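Notes follow once the structure below has been shown.
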Amino acid sequence: MTILVNAYSTRLDAVEPTFEHDLLGHRDYTDPELSEHLHGFIGYVLDGGKRDMSSTLYAIMRHIERVHHHYSFEIDKEQLEPMSDWGWESNAIFYLPDGTVRDPSGAVLVDPDTGEPAEEAEIPFPSDARERKLRSESQLVQLGVHTPETLPPVIGEQEVLLRAADDVAWRAIALFIVAVRAESLASNRPIPLSVLKEKSPMAFEAVTEIEMEFLKSEDPDQQVVVNMAWRYEALYVLQWALGFHDDLKLADEICNVPAVAQAMVDRGDRQIVQMAQLRPTAQILDALDWNQRSLWAARQARLNDSDPPANLDGGVLVERQHALNWLVRLENAEWDEVDTPS
């Protein structure tokens, strides 16, 4: 008797099955129907939102969001072991006809009745992602920042599809004009829209609808002004990703705003786009993992009404997380819809 298997691999490159199987279907992230299917799969795992979110369910949900390849095939029982080897290599989870979601070794990750995992179940993560998690935890502990081991690794190098360098450059240009406008409003010396357009016409080609609404407003809400002024922190991260700065400083204070602004002025919009080049992917993911754990610690301190460890600034961390999550396409969200869960 054969077994029907649906496999969900997060690897960007397809790892073709080498075991004996009858392939019924294979689609990748370019298939528009896959996104809808994965959304439904998440709904199944969470039982339509009825299940309490656990660390396991959260990690599985994130895995499904990162799926790049969906395979459907039938195998004989004798092929379970080689399928397991392939599952670990392709970083896949399996859905079987009994309604279970399983890890590559076949252990139950999601029981269809209880939603609970088997004790031996292990959520697959790429090796570089696991190593990155351990490094971040070790470095943060040295600063007095402690985070739970249950916080999962961030996306790995074999899974991530970063934003294009020129897209990052355009976003940086847009953020700069938004932050400059906010800063001028906050200081009661508003720079007219006409002047901003003259100084940076390219920025107005890159701003989002929400940003454009803010730029055009003569008297925006003060909280909106504050929020938009914080975009200097997101801009700082994008500048770092583009190689403007050697390192990201510890998020215990706001960035050097004059230096961030001068970095944009010195290069000019057109040069920023034409010369755009991202730093190595591994470095961006290192920053993402570090920042996400730091953000968890800062938020936890706030919930406990205590001082954040290492004087971490939650506002700075949120803006950095926004930029980094956008860079790695978290949930495939565009800028205005980017979430910053921790």
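Observations on the model:
Results for (1) polar (S, T, N, Q); (2) touching a strand residue (DSSP E or B) at 6+ places or on another chain (Cβ under 7 Å); (3) in the same structural domain as ALA174 (by TED's automatic domain parsing); (4) in contact (Cβ under 8 Å) with a residue 12 or more places away in the chain, shown as yes or no for each residue.
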residue: GLN239; (1), (2), (3), (4): yes, no, yes, yes
residue: LYS249; (1), (2), (3), (4): no, no, yes, no
residue: ASP252; (1), (2), (3), (4): no, no, yes, yes
residue: PRO258; (1), (2), (3), (4): no, no, yes, no
residue: ALA263; (1), (2), (3), (4): no, no, yes, yes
residue: GLN274; (1), (2), (3), (4): yes, no, yes, no
residue: LEU278; (1), (2), (3), (4): no, no, yes, yes
residue: THR281; (1), (2), (3), (4): yes, no, yes, yes
residue: ALA287; (1), (2), (3), (4): no, no, yes, yes
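- Selection over region 255-264 of residues that are over 20 Å from TRP326 (Cα atoms) and not in a helix (DSSP H, G or I) gives a count of 1.
- Members of region 296-325 found to be out of contact with any helix residue (DSSP H, G or I) (no Cβ under 8 Å at 6 or more places or on another chain) and of a type in the set (D, E, K, R), listed by number: ASP305
- Being among the β-branched types (Val, Ile, Thr) and modelled with pLDDT of 95 or more is a condition met by at least one residue of region 28-39.
Condition check ((1) of a type in the set (Ser, Thr, Tyr); (2) surrounded by 14 or more Cβ atoms within 10 Å (Cβ to Cβ)) across all residues:
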position	(1), (2)
VAL273	no, yes
ALA282	no, no
LEU285	no, yes
GLN292	no, yes
ALA297	no, yes
ALA301	no, yes
SER306	yes, no
VAL316	no, yes
GLU319	no, yes
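- GLU159 touching a Lys or Arg at 6+ places or on another chain (Cβ under 7 Å) and at pLDDT 95 or above: yes
The values are calculated or read from the model by the stated rules, or taken from the named source; none is laboratory data. Since this is a predicted model, take the numbers as computed values, not measurements. For neighbour counting, all protein chains shown are included, and Cβ atoms are generated from backbone atoms with ideal geometry for every residue, glycine included.
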